[in-house]
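Throughout, read-outs are computed from the coordinates displayed, never taken from laboratory work. Remember, it's a predicted structure, so these values are computed and weren't measured experimentally. In this analysis, Cβ positions are derived from the backbone assuming ideal geometry, glycine residues included, and neighbour counts consider all displayed protein chains.
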Amino acid sequence: MLHVLTLLVAALLALPLVAEAQKPIKVGMPMPLSGPPALFGDPASKGAQMFVDEINAKGGVLGRKLELIVRDSKADANEAVRVARELILKENVDFLVGTLTSAEGPAVSVVAKENKIVFIAPIPKTDQLTAADKLHPYVFRVAATTTMEGRSAAEIVAKWPVTQVATMSFDYAYGQDVTRAFVEHLKKIKPSAQIVDQQWPKLGEQDYNPFINAQMAKKPEAIFSSIWGGFFVTYSKQAKALGVFDTIKYNFIGVGEAATPETTKSMGADYPVGIWGNSYDAFYWGETAAHRDYTARLSKYLKDEYPSSWAIQGYIGMQFLTEAIRKAGSAESDKVAKALLGLAVETPIGPLTIREKDHQANRGQLYGKTVKDPKYPFAIMKPVTYVDPSRFMD
Amino acid sequence: MSVRGLAGLAVFVAALLVPALGSRFYTFLANDVIIWALFATSLNLLVGYTGLVSFGHAAYFGVGAYVTGILMKKLAVPFVLAWPAAGVVGAACALVFGFFCVRLTRIYFAMLTLAFAQIVWAICFKWNELTGGEQGMPEIPYPDFGWIERIGASVPLLGGWRTAEYFYFLCTVLVAASLWALHRIVTSPFGRMLTTIRENAERAEFIGVNVQRYELAAFVLAGTFAGLAGGLFGIFNRGVFPDFAYWTKSSEVLIMTLLGGMGTFFGPSIGALVLILLNQQIVSYTEYWPLVLGTVLVVLLFGFPGGLAGAVGALSGRLLRRVRSA
């Protein structure tokens with residue numbers, strides 16, 4: 001059994017020794033880089049990298065360069081935790097910025113708390129991440145929350161001439177939370193509205209026909225959907241074939257980024273043009289000079305004429321971290337965590353502030369009705385409006 | 001004490017010294033390795049010693065992790081009770097599932113173990129109130145190490161470690177004890193009978209052995225130790241997730257067992273060590289880690305059917321003979 005010992009020693013020696021020196025500030029990013037969620041995770045990490053490249057070209061922060069270490073979290077909470085711990089223990093990262101799904105975010109938050117390392121979540125939306133019982137000094141979020149997203153959608157639907165509303169959402173944390181927020185807020189601001197039907201397919205459902213048929217039998221006038229990302233493509237194709245959108249006269253709102261340029265681009269002629277949707281960003285928004293400039297830089301960086309709407313979340317996450325380091329005058333997590341409280345940053349999407357009480361940024365989203373635009377080979381939101389959630393964050 | 005016993009003791013002491021290297025990452029890796037070593041060895045009781053190939057061993061690992069996790073987190077049960085409970089519930093599940101599985105042979109046995117494991121996974125995934133569903137159950141508390149710190153204040157070497165390091169020491173001791181128990185089991189008359197069944201179940205039956213009952217007993221024991229490994233892993237991992245019971249975990253532990261060599265007692269432990277270190281190293285260089293692993297496995301299976309332990313054993317034997325003849 002001596003070879004066991006030999007193997008152990010040999011293997012430990014083979015591990016690279018971590019060099020100690022005046023080092024760059026290391027930021028670890030657990031992000032899904034494989035499978036369907038990589039469609040969002042990959043551009044988000046690229047957005048963060050673009051920010052890092054830009055700031056390093058200007059000499060970094062506090063005279064130190066930033067270094068971004070991205071690892072595949074496989075859109076899985078367990079894997080995200082593992083990767084986050086490795087980033088802390090092996091790569092000695094100073095901060096964590098990352099995770100995508102509503103399962104990953106809260107799981108990594110626990111790791112950040114135990115290791116006393118600042119963690120900024122750029123994409124997970126579940127309210128649970130910053131809920132009072134889960135909040136700790138090191139977790140921050142620059143994404144929208146399920147409350148903010150559900151209420152934003154309710155504000156829009158309340159203006160439609162409809163009262164019979166149905167919902168279609170996945171049966172898990174994000175779907176349940178965002179739908180609850182939507183329903184509660186809609187009933188509050190428009191008491192005449194009635195929820196006539198709620199369908200809960202399981203996450204990743206492929207066949208929506210039974211759900212659609214059951215829902216249409218209840219004769220809704222409008223539908224709220226939180227079927228997100230690539231799943232929306234599958235769902236809306238089947239709904240279109242069953243004439244759902246025509247029947248409800250396009251009184252349909254898809255949250256969970258159903259109207260991103262990527263989705264409309266990938267669906268082309270199949271996209272149910274005329275529905276409402278949202279997105280974190282849209283290259284055609286261009287409301288401010290800062291956004292136009294950001295889009296131009298991103299377009300060049302990604303070598304894409306119509307750059308991804310997800311990059312901005314990685315970018316803003318890094319932006320907040322960097323500003324906090326600058327404000328704290330230190331790269332120590334305790335000081336940076338304090339600096340993040342109440343920190344206001346000019347982001348490409350506009351000024352954002354991280355609230356002191358729940359570590360949550362007032363990150364709104366773009367909402368709009370999709371239309372065909374001769375300028376682009378796919379549908380866009382027009383007019384596209386940035387819905388500021390500050391009024392209804394609590 | 002035999003040479004083997006001494007070697008085992010040396011490995012145990014070496015493992016206890018890992019935190020003294022001063023790197024939290026080495027301790028993290030070593031902790032991962034020893035827990036998986038126990039998990040893989042428990043599987044080897046079935047695969048290597050009894051000749052039953054289980055594709056669903058992660059079920060008991062997952063159950064154990066959830067039992068300890070739920071008891072410690074939600075009911076604040078101390079570790080001394082919550083950990084053994086993982087073994088008990090693991091055994092109970094193995095008894096129920098095993099009752100059906102041992103009635104089938106070969107591929108049908110394997111398929112049924114897989115089917116039961118998938119049921120366990122589905123329950124963990126769906127039962128939101130109890131298990132937290134796909135979000136898992138983060139923040140499993142560490143066992144209370146306050147007492148050891150109080151003693152440690154006056155005894156040198158015992159005090160001043162981090163919680164994760166105390167947990168590592170605890171794991172090392174518990175895994176060593178579990179492996180010792182497993183070793184006693186396989187070298188007992190009962191263990192010899194399992195090997196007899198593996199070699200020729202029909203003949204064993206002819207000499208009056210109740211094969212199914214022995215197989216079920218092995219199945220339950222394997223489930224017990226897998227449950228115990230799971231109980232430790234949930235705490236180590238700082239959270240329990242439905243993935244623990246998923247079939248990929250079952251295949252991972254099966255690969256460890258094959259890689260290390262199912263013919264020897266410590267083979268699976270070596271498999272756990274090598275697979276985890278390889279994984280660590282290779283994923284830093286390439287995303288094609290499964291390709292590398294596949295190649296290693298093909299070479300091993302054709303070149304050294306006895307796994308790494310078998311290969312090293314054969315080589316050292318040859319070397320020894322040469323030294324003696326020279």
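Taking the helices alone, chain A has a mean residue ellipticity at 222 nm of -12500 deg cm²/dmol, built from -39,500 (n - 2.57) per DSSP H run of at least 4 residues and averaged over all its residues.
Each of the peptides B:62-75, A:271-284 was scored by the mean count of other Cβ atoms within 10 Å over its residues; in descending order, highest first, they stand as B:62-75, A:271-284.
Over region B:3-246, what lengths in whole Å, largest first, do the semi-axes of the equivalent ellipsoid take, defined as the square roots of 5 times the eigenvalues of the alpha-carbon gyration tensor?
Working: eigenvalues 216, 110, 35 Å².
Calculated on Cα positions only, the semi-axes equal 33, 23, 13 Å.
With Cα atoms defining each centre, region B:240-272 and region A:193-208 are spaced 39 Å apart in the structure. Among the GluC sites (Glu not before Pro) found in region A:220-287, those both in a DSSP coil and sparsely packed, with 16 or fewer other Cβ atoms within 10 Å of their Cβ, are A:287.
Just checking the listed ones, A:100, A:352, A:89: in the Gaussian network model of chain A with Cα springs under 10 Å, the one fluctuating most is A:89. Between amide H atoms placed 1.01 Å from N, distances below 5 Å from residue A:279 occur with A:366, all of them 5 or more places distant or on a separate chain.
Remark: mean inter-chain Cβ contacts per residue of B:118-128 equal 1, using a 10 Å Cβ-Cβ cutoff to other protein chain atoms. Extension gain for residue B:104-residue B:14 works out to 28.1 nm (0.36 nm per residue, less the C-alpha to C-alpha distance).
Membrane-span-like helices in chain B, defined purely by DSSP H runs whose alpha carbon atoms cover 18 Å or more axially and whose average Kyte-Doolittle hydropathy reaches 0.5, are B:3-17, B:24-44, B:58-74, B:79-101, B:106-126, B:163-187, B:211-236, B:247-260, B:267-285, B:289-303. Counting, for every residue in B:130-138, the Cβ atoms of other protein chains within 10 Å of its Cβ and taking the mean gives 6. Highest mean packing first, where packing is the average number of other Cβ atoms within 10 Å per residue, the peptides A:165-178, A:48-61, A:358-371 line up as A:165-178, A:358-371, A:48-61. Suppose we keep just the DSSP beta bridges with both residues in the protein assembly as shown; what percent of those would be antiparallel, to 5? Within the protein assembly as shown, antiparallel bridges account for around 40 percent of the total.
DSSP finds beta bridges in chain A, and of those with both partners inside it, around 35 percent are antiparallel.
Using the per-residue mean of other Cβ atoms lying within 10 Å as a proxy for protection, in what order, highest first, do the peptides B:130-143, B:32-45, A:238-251 fall? All intermediate terms of the calculation are to be shown ahead of the outcome.
Numbers: B:130-143: 20.6, B:32-45: 27.1, A:238-251: 16.8.
Those peptides, ordered most packed to least, come out B:32-45, B:130-143, A:238-251.
Taking the C-alpha atoms only, the angle from helix A:173-189 to the longest principal axis of chain A is near 50 degrees. Considering only A:198, A:313, A:206, the mean-square fluctuation computed in a Gaussian network model of chain A, springs between alpha carbons under 10 angstrom, is largest for A:206. Rounded to the nearest 10 degrees, the inclination of helix A:311-328 to the longest alpha-carbon principal axis of chain A is 50 degrees.
Taking chain B as a Gaussian network of alpha-carbon nodes connected by springs under 10 Å, the highest mean-square fluctuation of the residues B:308, B:254, B:17 belongs to B:17.
Computed from Cα atoms, the angle from the helix A:2-14 axis to the main principal axis of chain A rounds to 80 degrees. Rounded to whole Å, give me the distance from the Cα center of region A:271-325 to that of region B:136-158. Distance between centres, Cα-based: 47 Å. The mean count of C-beta atoms from other chains within 10 Å of the C-beta of residues in B:17-24, rounded to a whole number, is 2.
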